[in-house]
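J.: One structure, pasted below without further comment.
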Amino acid sequence: MKKFVLLTVSVLIVVSFNSSAQEFQNGTSMINAGVGLGSSLGGFGYTSQTPALGVSYEYGMWDIGGPGVISLGGYLGYKSFKHSANSAYLGGMYTYSQKWTYLIIGARSAYHFNGLNVDKLDLYGGVMLSFNNLNYKYSSNNPYTEYTGGDYGSGLGLSLYVGSRYMFTNNIGAFLEAGYGISYLSIGAAFKL
């Protein structure tokens, strides 16, 4: 995975030297929408699951006197898993279904490094404070089962992330981000507002 990330960032750097769009600056607004690859959420043995989906927004807030800008923004991530099966209990045949739904809502801030003077490339790293909500639902036709689920494992989280964004036009690009959100690695589209 590390080799993939390094290779992708290297390709973005090399390609970006033929550029015309502006780098991330004070006052820049961006939206990233992507799909996650790899996650600590869930595991194997599920009958169905959704892809890890994430959306983030950033606004360039402060020039800090060096080669970069600090942004503020938000993050929303979603993933769910479901497991359904049959079981024999007290001589009867019953079905049951379990569903785990993860929702991450966060506030984040990043430093966007502009020291390479490459117009289409945005290299950044930051920190996110989030509320990580896990909802569990259980249903069964077994009359001896009373538990239906609820929120558990929910709480605050603090995580770091690094990323790169390459703009193909003035308003549309792609991003690659590594860190802990809804997944370890996210890739997708970037839109300048």
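J.: List the number of the failed condition for N117; all other conditions in (1) of a type outside the set (D, E, K, R); (2) over 19 Å from G27 (Cβ atoms); (3) modelled with pLDDT under 85 hold.
T.: Only one criterion is unmet by N117, namely (2).
J.: Considering only the range 124-135, I want to know if a residue exists there that is more than 27 Å from N26 (Cα to Cα), at pLDDT 85 or above and of a type in the set (F, W, Y).
T.: Scanning the range 124-135 turns up at least one residue that is more than 27 Å from N26 (Cα to Cα), at pLDDT 85 or above and of a type in the set (F, W, Y).
J.: When you scan the range 92-193 for strands (runs of 3 or more DSSP E) that lie fully inside it, which ones turn up with 1 or more residues that are surrounded by fewer than 20 Cβ atoms within 10 Å (Cβ to Cβ) and without any contact (Cβ under 8 Å) to a residue 12 or more places away in the chain?
T.: In the range 92-193, 92-113 are the strands (runs of 3 or more DSSP E) which contain 1 or more residues that are surrounded by fewer than 20 Cβ atoms within 10 Å (Cβ to Cβ) and without any contact (Cβ under 8 Å) to a residue 12 or more places away in the chain.
The values are calculated or read from the model by the stated rules, or taken from the named source; none is laboratory data. Source: prediction; values computed, not measured. Positions of Cβ are generated from backbone atoms using ideal geometry, with glycine treated the same way; all protein chains shown enter the neighbour counts.
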